[in-house]
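Peer 1: Quick one: the structure is below, questions incoming.
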Amino acid sequence: MDGMKLTAKVKLLPTPQQADALKRTLEVVNAACNYASDQAWQTGTFRQFPLHQLAYRKIRDCFPLSAQVVVRLIAKVANAYKLHQHTKHTFKPYGAISYDSRILSWYMTKSEVSIWTVDGRMRMPFVCGPRQRELLQGQRGESDLCLIDSEFYLFVACDWEEPTTADVSDFLGVDLGIRNIAADSDGNLYSGAHLNGLRHRHRRLRTRLQKKGTRGALRLLRKRKRKERRFATWVNHNVSRSIVAKAKGTARGIALEDLQGIRQRVTARRPQRATLHSWAFHQLRSFISYKAQLAGVPVVLVDPHNTSRSCPACGYIDPRNRISQSHFSCVSCGLAGPADTIAAVNIGRRAAVNRPNCPPPPQGGAGQSPRL
């Protein structure tokens, strides 16, 4: 079995004095990150080792930080400049910071951690579910300390054994959409009506509260912050779990559309833009991918072109086949059905014939295979 990386989310339970120390630690470390970023920008030194030579001693002299914390914050700044070097990077006062085994220790039997702060090492309890505790047995590498809604969390990188991917000959096609979050080739629809209705309601409420602008309105906005995102994540987790369980139970792989760059390719009318840009298809695809990887189910991405316009019975492609958003009727052979299900069937069939190791087609001659 090969290994894969998973992240365990652990909640810390510090005392008020410990919480204050953790908060000041985030402030000081991120101030030091901004100092290191300023040094990197002024001198054009963006790689980690040269930046370490340039800024390490200056940071130790200016900030009350231990040696290993300085090493980790320099790595954070260098990683930020790996993304781009066009503008100077700045770091928020309470941005996440990384800990390794030298400045963070775990005591699993007591459910405690020993963590470095600007006030020295502190031991504090943590809580997590049984799944996270199981993941923590394979804790490797760094842990990120985050402050979320006045609560402290550790996001821990863990190794997990990945089962061997099954060898399959058939695929469960999955069509991703907005009206229906997902539709599979077996005819099951995962409706997005509840989620879309909630998003419309939140959008109207945000607009009304922002326009009102009173202290109470702003307080309500803060209270509802990320509520919509949490619900959408919960829905995507449940949909992806059902799809992977069905594929595994029927010894099939999963076929998905490759929707990379869909928002840039699609032109939407103004009333539809907010709905399109709140479509969390990438999150759903990533959930399906990692859950399938854990279950040993192969996932194949196929070209989405004309999947909703092609007839799975006769192969005829015509825009008129899609007579409405939800209904498909072939103008050639008369096959009719839900449009999303028809698209999912086409996606599954494309994955079944998408064999990466097949020999190239013959060049020229009467026996040349047609391009599909």
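Peer 1: Note down the net charge around Val331, summing +1 for each Lys or Arg and -1 for each Asp or Glu among other residues with Cβ under 12 Å from its Cβ.
Peer 2: +2
Peer 1: Using a cut-off of 14 Å between beta-carbons, work out the net charge of the residues near Ala193 (Lys and Arg +1, Asp and Glu -1, Ala193 not included).
Peer 2: Within the 14 Å Cβ shell, the charges total +2.
Peer 1: Add -39500 (n - 2.57) for each DSSP H run of 4 or more in the chain, then divide by its residues: what number comes out at 222 nm, to the nearest 500 deg cm²/dmol? Walk me through the numbers on the way to the answer.
Peer 2: Working: 11 runs with 161 residues, N = 372.
Using -39500 (n - 2.57) per qualifying helix, the result is -14000 deg cm²/dmol.
Peer 1: Using the structure shown, list the pairs from Lys5/Lys246; Lys223/Lys246; Lys225/Lys248 with a Cα-Cα distance above 27 Å, or answer none.
Peer 2: Lys223/Lys246; Lys225/Lys248
Peer 1: Here is a further query. Quick one: net charge around Lys82, please, counting Lys, Arg +1 and Asp, Glu -1 for every other residue with C-beta under 13 Å from its C-beta.
Peer 2: +2
Peer 1: Moving on. How many angstrom separate the Cα center of region 148-220 from the Cα center of region 75-138?
Peer 2: Result: 26 Å between the Cα centres.
Peer 1: Which value in Å is the Kirkwood Rh of region 2-160 over different Cα pairs?
Peer 2: 16.4
Peer 1: Let me ask something else. Given R₀ = 51 Å, what would the calculated FRET efficiency be for Glu161 paired with Thr207, taking r from the Cβ atoms and rounding to 0.05?
Peer 2: 0.60
Peer 1: Below 8 Å, C-alpha to C-alpha, sequence gap of six or more: please give me the relative contact order for the chain in percent.
Peer 2: Once normalised by length, the contact order is 17 percent.
Peer 1: Once amide H atoms are built 1.01 Å from N in the peptide plane, which residues 5 or more positions from Gly173, or in another chain, come under 5 Å H to H?
Peer 2: It is Ser185, Ala255, Gly348, by chain and number.
Peer 1: Sorted by mean Cβ packing within 10 Å, highest first, what order do the peptides 174-185, 91-102 take?
Peer 2: 174-185, 91-102
Peer 1: Also: In the set [x] 28.1; [y] 25.7; [z] 19.6, which value of mean projected area of the Cα convex hull in nm² was calculated from the structure you see?
Peer 2: [y]
Peer 1: Which whole-number percent gives the relative contact order of region 2-160, counting Cα pairs below 8 Å spaced six or more residues apart?
Peer 2: 36
Peer 1: Right, another one. Calculate, for Leu335 and Ser150, the FRET efficiency according to 1/(1 + (r/R0)^6) with r their C-beta to C-beta distance and R0 51 Å; round to the nearest 0.05. Show your work: numbers first, answer last.
Peer 2: On the way: r = 57 Å, r/R0 = 1.11.
After rounding, the FRET efficiency stands at 0.35.
Peer 1: So, one more: On a full-extension model of 0.36 nm per residue, what is the gain between Asp61 and Leu218, subtracting their alpha-carbon distance, rounded to one decimal in nm?
Peer 2: Numbers: separation 157, 0.36 × 157 = 56.52 nm, distance 4.12 nm.
Using 0.36 nm per residue and subtracting the Cα-Cα distance, I get 52.4 nm.
Peer 1: If packing is taken as the mean number of other Cβ atoms within 10 Å per residue, what is the order of 125-138, 198-211, highest first?
Peer 2: Ranking, from highest mean packing down: 125-138, 198-211.
Throughout, read-outs are computed from the coordinates displayed, never taken from laboratory work. Note that the structure is predicted; figures quoted are calculated from it, not measured. Note: ideal-geometry Cβ built from the backbone for every residue, glycine included; neighbour counts use all protein chains shown.
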